[in-house]
Amino acid sequence: AQRVTQPEKLLSVFKGAPVELKCNYSYSGSPELFWYVQYSRQRLQLLLRHISRESIKGFTADLNKGETSFHLKKPFAQEEDSAMYYCALSGSARQLTFGSGTQLTVLP
Amino acid sequence: DTEVTQTPKHLVMGMTNKKSLKCEQHMGHRAMYWYKQKAKKPPELMFVYSYEKLSINESVPSRFSPECPNSSLLNLHLHALQPEDSALYLCASSRPSGVGVQETQYFGPGTRLLVL
């Protein structure tokens with residue numbers, strides 16, 4: 001079975017502060033991990049995926065297989081980063097399992 | 001065209017009605033998905049079509065009936081729904097992928113369904 005845990009339902013930080021959204025997963029094989037973001041009144045969209053190893057909008061995430069984590073980080077949060085963030089795992093082809101999501105609010 | 005479109009945006013139906021949700025993409029994707037998303041919850045996978053064939057059905061009640069008439073279209077036929085089926089229904093698509101590889105899924109804006 002595959003499972004994704006996002007322990008923080010809500011997270012608030014001040015503008016310019018670092019932000020880290022936690023994601024832990026459970027899967028016996030080699031997973032593919034993703035971060036999706038849903039801005040208010042917009043569709044769900046991919047933020048980044050671990051195999052790309054790229055930085056999008058200043059966000060990065062590193063897959064740590066030892067700790068089974070894929071935390072999302074940004075050194076300086078911006079107000080426009082306020083959104084719902086979902087960590088997702090794909091173990092078998094074409095089947096995404098989403099975490100429960102973290103609502104990030106960046107305060108002015 | 002790099003978007004997944006869904007119609008209608010909103011739908012209100014009674015428990016005895018029959019309605020259909022439509023999803024369309026013109027990105028050449030050969031995998032298409034239906035998800036159900038309740039308020040403040042993550043999307044839950046319902047169905048997966050791969051090359052127009054149903055490959056995954058996540059134990060969804062038979063009052064939901066998917067259909068993939070061609071590689072660009074995906075329908076979800078609704079019949080005799082219950083109030084608890086009220087939710088946002090999301091469609092997604094992705095490129096064909098190799099075994100064990102998950103291609104990025106592109107989501108539509110969803111259809112917000114209310115069952116009275």
accessible surface per residue for chain B, probe 1.4 Å, DNA/RNA/ligands not counted, whole Å² -> 49
Expected field for residue A:51, accessible surface area in Å² at 1.4 Å probe radius, rounded to 10, holds 100
Expressed per residue, the solvent accessible area of region A:1-87 in Å² (1.4 Å probe) is about 55
SASA check, residue B:22, accessible area w/ 1.4 Å probe, all protein chains in place, rounded to nearest 10 Å², comes out at 100
The distance between the Cα centres of region B:1-19 and region B:33-71, in whole Å, is 14
Accessible-area order for A:5, B:16, B:104, largest to smallest, probe 1.4 angstrom, reads B:16, A:5, B:104
In square angstrom to the nearest 100, the accessible surface buried at the A/B interface, both sides summed with a 1.4 Å probe, amounts to 1900
In chain B the accessible area split gives carbon plus sulfur, as whole percent at 1.4 Å, a share of 52
So, with points 7 Å from each Cα along the Cβ direction, the residue A:100-residue B:67 label distance in nm works out to 3.9
Taking a label point 7 Å from the Cα of residue A:14 along Cα-to-Cβ, the residues of region A:56-90 whose backbone nitrogen sits under 17 Å from it are A:75-80
Of every hundred units of 1.4 Å-probe accessible area on chain A, the number belonging to carbon and sulfur atoms, as a percent, is 49
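The values are calculated or read from the model by the stated rules, or taken from the named source; none is laboratory data. Predicted model, so just to flag it, every value in this text is computed and none were measured. Positions of Cβ are generated from backbone atoms using ideal geometry, with glycine treated the same way; all protein chains shown enter the neighbour counts. Accessible surface is based on the protein model in full, side chains and every heavy atom, while ligands, DNA and RNA are left aside. Shrake-Rupley method; radii C 1.70, N 1.55, O 1.52, S 1.80 Å.
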